[in-house]
Amino acid sequence: MGSDKEPKIINTVPGVSIRCTEEAVEVYFLKSLTYDEWHEIEEYIQKMMNTGSTHFIFHLQRLDRFTSFDIGMWITLHTKITNHPGALEFNLGHNAAVLDFMKLSKLNRVFSII
């Protein structure tokens, strides 16, 4: 039997896993997303914000490639969430490619990176 405190797992977008806990909405990215996939993620995040979620974590440690569109959506969602007001953190793990890009583009000064 499950408890109410167990995370809720949502898998509606290929290459993405969304996990909802009491603390945060965690989005695990496994691949670069298409326009339609990002649109689904954006709609889901908006629904979560409308129901009171304020803390989001994007897990990018397993993302081996990303596009300029992914970067644009990270910025768009960061702005949308922090203006709500809420918080978005980026978990890079040991993903040197994403970290190097964040440093090069100075996004590490804007984003909260864990």
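When you check LEU63 against the structure, is it touching a Lys or Arg at 6+ places or on another chain (Cβ under 9 Å), aliphatic (A, V, I, L, M) and in a loop (DSSP other than H, G, I, E, B), yes or no? For LEU63, the condition - touching a Lys or Arg at 6+ places or on another chain (Cβ under 9 Å), aliphatic (A, V, I, L, M) and in a loop (DSSP other than H, G, I, E, B) - is met. Please go through the stretch 76-98 and pick out each residue that is under 12 Å from PHE66 (Cβ atoms) and not in a loop (DSSP other than H, G, I, E, B). Within the stretch 76-98, PHE90, ALA97, VAL98 meet the criteria. For the stretch 25-60, the set of residues classified as in a helix (DSSP H, G or I), within 19 Å of ASN83 (Cα to Cα), in contact with a Phe, Trp or Tyr (Cβ under 9 Å, 6 or more places away or on another chain) and of a type outside the set (A, V, I, L, M, F, W, C) is empty.
When THR51, THR21, THR12, THR34 are checked against the criterion of being of a type outside the set (A, V, I, L, M, F, W, C) and either at pLDDT 95 or above or within 27 Å of PHE101 (Cα to Cα) (or both), a single residue qualifies: THR34. The criterion of being surrounded by fewer than 14 Cβ atoms within 10 Å (Cβ to Cβ) and under 22 Å from SER112 (Cα atoms) holds for ARG65.
For the stretch 72-86, the set of residues classified as surrounded by 13 or more Cβ atoms within 10 Å (Cβ to Cβ) and more than 11 Å from the chain's Cα centre (by Cα) consists of LYS80, THR82, HIS84, GLY86, listed by residue number.
The values are calculated or read from the model by the stated rules, or taken from the named source; none is laboratory data. Since this is a predicted model, take the numbers as computed values, not measurements. In this analysis, Cβ positions are derived from the backbone assuming ideal geometry, glycine residues included, and neighbour counts consider all displayed protein chains.
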